[in-house]
Amino acid sequence: MQNTLKKAGLWLGLFVLGLALFSLLLPSEIKVKRSIEISAPVDRVFDHVNDLRNWEKWDPWKRMDPTMVMTFSNPPMGQNAFYKWESQDKRLGNGTLTLTKVVTNEEIETLIDFNGKGKATSKFLFAHKGDNIEVTWSMHAEVGMMPWNKYFGLMMRGELKKQFDQGLKALKFYVEKS
């Protein structure tokens, strides 16, 4: 019995060591980039992202928690505009999203502060593609060097891709509908 426990402990230790060593190969950051083409004038597409009140319609996190409370700055659009969110959903928590850079009809950058639990930056690029506008939404966040954070970042990357795709599809729907 003791010999079996020693073997099990040895295998468990080797497994944990293997996970830790493998984590050295994993990135210490999350990068996500998704795009969609929208059939609308660039100013209409841009305004749907620049005016934070519109995010309630297409933002994937608002769709995950329809009871999320969003409080907007005055004015709710343009550089330095922000919204604060409060969610009972532990995955979403509370935080602030601020438009840190706005280049009309070209680019919007944001800073997302998860109330002291980390920060992330995201960017929206607007480019003409034939008669359509291609919107590219990207995000970057540091997860650090701790192995469990790297594994968490790996899982989050896949989930964020799905959420960005959903958000862009909803943005397309609302822009083309208006």
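Inspect all residues belonging to the stretch 138-149 and state whether any of them is surrounded by 15 or more Cβ atoms within 10 Å (Cβ to Cβ), within 23 Å of Met68 (Cα to Cα) and over 12 Å from the mean Cα position of the chain (by Cα). No, there is no match, as no residue in the stretch 138-149 is surrounded by 15 or more Cβ atoms within 10 Å (Cβ to Cβ), within 23 Å of Met68 (Cα to Cα) and over 12 Å from the mean Cα position of the chain (by Cα). Residue count for the stretch 14-72 under the criterion of being at pLDDT below 95, open to solvent by 20 Å² or more (accessible area, probe 1.4 Å) and of a type in the set (Gly, Ala, Ser): the result is 3.
Just to be sure before I move on: is Thr100 closer than 21 Å to Lys31 by Cα, among the β-branched types (Val, Ile, Thr) and open to solvent by 40 Å² or more (accessible area, probe 1.4 Å) in the structure I sent? Considered against the rule, which asks whether it is closer than 21 Å to Lys31 by Cα, among the β-branched types (Val, Ile, Thr) and open to solvent by 40 Å² or more (accessible area, probe 1.4 Å), Thr100 comes out as yes. Pairs linking a residue in the stretch 105-120 that is modelled with pLDDT under 95 and open to solvent by 80 Å² or more (accessible area, probe 1.4 Å) to a residue that is outside any strand (DSSP E or B) and among the hydroxyl-bearing types (Ser, Thr, Tyr), with Cβ atoms under 6 Å and 6 or more positions apart or on different chains, do not occur.
If you go through the stretch 156-177 one residue at a time, do you hit one that is open to solvent by less than 70 Å² (accessible area, probe 1.4 Å), within 19 Å of Asp47 (Cβ to Cβ), hydroxyl-bearing (Ser, Thr, Tyr) and within 13 Å of the chain's Cα centre (by Cα)? Full working, then the answer.
As a first pass, look at the stretch 156-177 and keep what is open to solvent by less than 70 Å² (accessible area, probe 1.4 Å): 156, 158, 160-161, 163-165, 167-168, 170-172, 174-175.
Narrowing the set further to residues that are within 19 Å of Asp47 (Cβ to Cβ) leaves 167-168, 170-172, 174-175.
In the following step, the residues that additionally are hydroxyl-bearing (Ser, Thr, Tyr) were identified as 174.
Right, trim to within 13 Å of the chain's Cα centre (by Cα) and you get none.
No: zero hits.
For Ser122, the criteria (1) touching a strand residue (DSSP E or B) at 6+ places or on another chain (Cβ under 9 Å); (2) part of a loop (DSSP other than H, G, I, E, B); (3) not β-branched (Val, Ile, Thr) hold in every case but one, which is (2).
The values are calculated or read from the model by the stated rules, or taken from the named source; none is laboratory data. Since we're looking at a predicted model, the values are computed, not measured. Positions of Cβ are generated from backbone atoms using ideal geometry, with glycine treated the same way; all protein chains shown enter the neighbour counts. Just so you know, the surface numbers come from the protein's heavy atoms only, side chains and all, with ligands and any DNA or RNA stripped out. Shrake-Rupley method; radii C 1.70, N 1.55, O 1.52, S 1.80 Å.
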